[in-house]
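One structure below.
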Amino acid sequence: MWHHPVPKSRGGRDVVPMHSICQQTLTTNFSNSELQRAGMDVGALLLHPNVRKFVDWVANKDPDFTATFAKKQR
């Protein structure tokens, strides 16, 4: 799956490969404005406690692993 680090709605054109559950985690935890500000700064994204917890959890999973996550709470 391809991911726009800066959302298309915010003028993003670049894409990077990203596993679908990783993309789902980002869109669940960040608004488009927040993703626009972070852009390609992975370090800034990892500062979010939910993202850090997810990355630590998924690190030892098989590359084909999939899971369902709760929808963004607004």
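Yes/no per residue for (1) surrounded by 14 or more Cβ atoms within 10 Å (Cβ to Cβ); (2) hydrophobic (A, V, I, L, M, F, W, C):
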{"position": "5", "(1), (2)": "yes, no"}
{"position": "13", "(1), (2)": "no, no"}
{"position": "25", "(1), (2)": "yes, no"}
{"position": "32", "(1), (2)": "yes, no"}
{"position": "39", "(1), (2)": "yes, no"}
{"position": "42", "(1), (2)": "no, yes"}
{"position": "49", "(1), (2)": "no, no"}
{"position": "52", "(1), (2)": "no, no"}
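Search region 40-51 for residues that are assigned to a loop (DSSP other than H, G, I, E, B) and pair each with any residue that is surrounded by 11 or more Cβ atoms within 10 Å (Cβ to Cβ) and not β-branched (Val, Ile, Thr) when their beta-carbon atoms are under 7 Å apart and the residues are at least 6 apart or on different chains.
Going by the 7 Å Cβ cut-off, the qualifying pairs are 40/5; 48/29.
For (1) of a type outside the set (A, V, I, L, M, F, W, C); (2) under 17 Å from residue 1 (Cβ atoms); (3) within 10 Å of the chain's Cα centre (by Cα), each residue gets a yes or a no:
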residue	(1), (2), (3)
15	no, yes, no
27	yes, yes, yes
41	yes, no, no
47	no, no, no
53	yes, no, no
61	yes, yes, no
66	yes, yes, no
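None of the figures in this text is laboratory data; all of them are computed from the coordinates on show. Values in this document were obtained by computation on a predicted structure and should not be read as measured data. Positions of Cβ are backbone-derived with ideal geometry, glycine not excepted, and every protein chain shown enters the neighbour counts.
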